[in-house]
Structures are given as C-alpha cells and as structure tokens.
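As structure tokens, the structure follows; a few thoughts come after it.
Values in this text are rule-based calculations from the coordinates and carry no lab data. Treat the numbers as computed from the prediction; the structure is a model and nothing was measured. Here the Cβ is made from the backbone with ideal geometry for all residues, glycine too, and neighbour counts use every protein chain on show.
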Amino acid sequence: MAESITKDQLKQEQDQFVIIDVREPDEVANGAIENSQNMPLGLVIRNAKKGQIDDLKDKKICVYCASGYRGNIAADELAKAGFSAINLEGGYMAWTQ
C-alpha cells in the first residue's frame, strides 16, 4: 500500500504538493480540490511509464480519487516509477466532509 496523508494534513501542507486528481473527467464535474490537475488513473500510469511526467520527479505529489482506492493505486505506481507520491486518505469524499 502507498503512503497516505489525511485531509487535515493536506490542508495544512497543500502548497508543498503537486495535487493530481485521478478521477475521470465526468467525476471532476462534481468538484475538485483547488489547484489540482486532472489526470485519470490510466493516464497517470501511462505517463509515468513513458517518462512524460518526469518533470514531477523532484516534487512531492499527492493523488486523490473519489474514495481513496484509485488514488492508492496511482500513488503506488508512481512510487514504483521513482516519484515521491502519497494518497489522500478517503479521497475527495473525505476532503469535502
């Protein structure tokens, strides 16, 4: 399992992370974390494997999905590819509570 961060920790440290929303575009229509960028899970994995997001390797990344499951997969795959990535515990649902 990937490392995770709570919503309260992320709210305090938000400016230290590149925040990537791994939900699908239709899910993002319901709202997103401010200043996050949308990159669906499959695209995150492909981009990491193809070296297309290597410019993020020197940054701390926080990924999130709706509930945490896909975010965990994304953070795990990014970590395997050499990124410093963590998952938002509970995903966007936790963020909005």
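Brief remarks on what is shown
- Dipole magnitude for the chain: computed about the Cα centre from +1 point charges on Lys and Arg Cβ and -1 point charges on Asp and Glu Cβ, it is near 280 debye.
- Approximate spin-label separation Arg46-Lys60, in nm, with each point projected 7 Å along Cα-to-Cβ: 3.1
- Mean projected area in nm² (Cα convex hull; one quarter of hull surface) for region 16-96: 4.7
- Top positive-direction residue, dipole computed over the chain with Cβ charges, set Gln9, Pro25, Ala48: Ala48
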